[in-house]
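The values are calculated or read from the model by the stated rules, or taken from the named source; none is laboratory data. Computed from a predicted structure; not experimentally measured. Here the Cβ positions follow ideal geometry from the backbone for every residue, glycine too, while neighbour counts run over all protein chains shown. Side chains included, ligands, DNA and RNA excluded: accessible areas come from the protein's heavy atoms. Shrake-Rupley method; radii C 1.70, N 1.55, O 1.52, S 1.80 Å.
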Amino acid sequence: MLDHCSISHKGGIVLWSRSFTPAAAQAAASSSSPVNSLIREALIEGRTAEDKYEKDGYAVKWSFVNDLELIFVVAYQRILQLTYIDELLATLKNIFVKLFEPFLATFLASLHAATSGSAIIASGQSAASWNFAKAFENWDAVFDRILHGLESKAAQDRKARYKPVQISIEPSPPSDDMSTIPSQSAETTVDEEQIARNVQALKNRLRGKGARGGRRGPGRSDIGSGRESLPGSDSDTPVKRKTKTKTQRKWGEQAPTESDMASLDFSYEKPGDADANRGSLDLNALVDRDSLGTRTQNGMYEVKDWEFGLKDSAADDMISKALMSSQTSKPTSSSGSLGALGSLFARLTGSKVLTEDDLKPVLEGMKQHLMKKNVAKEIADKVCEGVGESLVGKKVGGFQTINAAVRLALSNSLTRILTPKTSTDLLLSIRTKLSAPLPSSQQRMPYSITFVGVNGVGKSTNLSKVCFWLIQNGLRVLIAACDTFRSGAVEQLRVHVRNLSMLGVNGATDSKGRVELYERGYGKDAAGIAKEAIAYARDHDFDVVLIDTAGRMQDNEPLMRALAKLVATNNPDKIIFVGEALVGNEAVDQLTKFDRALRDFSAASGGVGKQRGIDGMLVTKWDTVDDKVGAALSMTYVTGQPIIFVGCGQTYTDLRQLRVSNVVQAILSD
């Protein structure tokens, strides 16, 4: 049975609604109701992963009437398999529009007049003065008849589907053919003892093959021959395999001493060599002056925005070529002059109401365009589906109107998806926590950020870029080396800390003391190291702790459980997923499984932080994709979380912020 049904205007005005259970009525009245969540996440933000929306045990389906700007919503228990929901929505739309179309047209005109601030229309009513209960007083009875008819039809279909089938089997007449009568010969009869002997002989043979590479030893017997293996033979005793140990490497005649190994480790800064290292290290190789951020009036260091657009010379060349071709070519049709995509719109000219059949080829071309921009196929399907739903039933007139309507609908859809629902100002979050008042007995905790992701995406490198940005803003940073598996991970972070210590801050000669490394070597528990690092940062007045973790594949459950344990134990303030800009469909799989595993396993671990998921993304190798920036759309669509930074180079200053308008422009560009 249904739990809730409502008919609303896209502006947020509820025309009619009904809840069928007290629990559904209570849920509908709360701000976190499934219907409100549907409007916020699926309709406003444009994120719907399936044909229906699921929230708190409810399944929600919806349908639009675009010309009247109506939304029909039905909610029911997710566990129920209601097959008539789609037919119910279609029937409700048709009958409701037919019964109340004059009233709805007047109401819509009144609403638009009130929105535009014009005078009261001829009816003398404003949008806020409508009495919907009186206007739709007969709709309850009509709705009950529709719902009862569809439920009865569904019940009959279930009975017909599961009706037991009686099969009558007539006994067959006795056969005169004696060959069909089963016979048992004494020669083919094998007693149980013989079967046991054959099985034992087979075991002995297989064991002997495993021990001697298939050579037959004394006492071996053939299967079925009745000859048993001799007692006390080597086939009866289990073979012990020797475990192979890794052979240690020999360094000449004598093994290296501890002093020799220390001399070969260049990740440490030797005493007395600081000035020599500073002189030999090219600081220009660590910082790109052209990509340095800007200083605000209050001294804050801000990274640059990533910008997309043609250079002026390239734009001028394109315009001049277009003008020359238009002057020299003969007059052609509008579809031919605007290319393949224009030909899709050309047949839609004229004043008409767009239908699904009209938009199908256009949406297919749009989907292919998004996939060429590196958008995951699943996400491209959903975006085009949402654009189609917003255009079906719209009246258009003329080619330019259609072209503008389609591009505007796609641009609005991309903007809704990419617009973050939480703040992307990481520096503000850090300063807010650090400046929060605390009781005198409580010690200030540092702001902790955990970097997670698959292998080889650049977590450690981009962690150092974020560290440089934090140091430039006057914060003390402690880097926790929690990748205790990959060889060289600790040494890599040690080199980064040494380099960052030599770079200047606010005109100073160096930033020594503002960044340190906390490490406990390899093979240790990452969750314990992170906990110790946070306690060390608290005791030594560090502002931020950056936790580096080992890369792992999203399908590796033991490693995902270990990562969830780190999150549950330490409850970091931010969990940032580091992903590549080069991935397409893989971005959806990686982010979905990382987010789900963190939520499920962190809650099961029972630590301080429960039900923690991905809080933001950092996309690396952004400079390798040009305008194919679809990975940003795929990642944001899956989690609903913002992209905080993008990495676009090899130096510590190669960090950028994303603007929604720039990403939309890059995706829509040809």
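Here are the numbers:
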quantity: Most to least packed among 583-591, 633-641, 421-429 [average Cβ atoms within 10 Å]; calculated: 633-641, 583-591, 421-429
quantity: Nonlocal amide H pairs with VAL578, under 5 Å, H built at 1.01 Å; calculated: VAL452, GLY453, LEU618
quantity: Filtered trypsin sites (Lys or Arg not before Pro), the range 552-661: DSSP coil and at most 14 other beta carbons within 10 Å; calculated: LYS610, ARG659
quantity: Residue-by-residue Karplus 3J(HN,Hα) for the range 525-534, coefficients 6.51, -1.76, 1.60, Hz, glycine and proline x; calculated: 6, 5, 5, x, 5, 5, 5, 5, 5, 5
quantity: Interchain or long-range residues, amide H under 5 Å from TRP16's placed H; calculated: ILE7
quantity: Derived scalar couplings ³J(HN,Hα) [the range 466-471; Karplus, 6.51 cos²θ - 1.76 cosθ + 1.60; whole Hz; x for Gly, Pro]; calculated: 5, 4, 4, 5, 5, 5
quantity: Coarse-grained scattering of the range 403-517 at q = 0.13, 0.15, 0.20 Å⁻¹, given as base-10 log I(q)/I(0) from a Debye sum over alpha-carbon atoms; calculated: -0.70, -0.84, -1.14
quantity: Largest-first ordering by accessible area, 1.4 Å probe, given options LEU655, LEU286; calculated: LEU286, LEU655
quantity: Extreme residue, positive dipole direction of the range 563-624, given options ALA603, VAL588, VAL619 (C-beta unit charges); calculated: ALA603
quantity: Mean separation of Cα contacts under 8 Å, 6 or more apart, over the residue count of the range 425-523: relative contact order %; calculated: 24
quantity: In sequence order, calculated HN-Hα J values of the range 413-420 (Karplus, 6.51, -1.76, 1.60; Hz; x Gly/Pro); calculated: 5, 5, 5, 4, 5, 7, 5, x
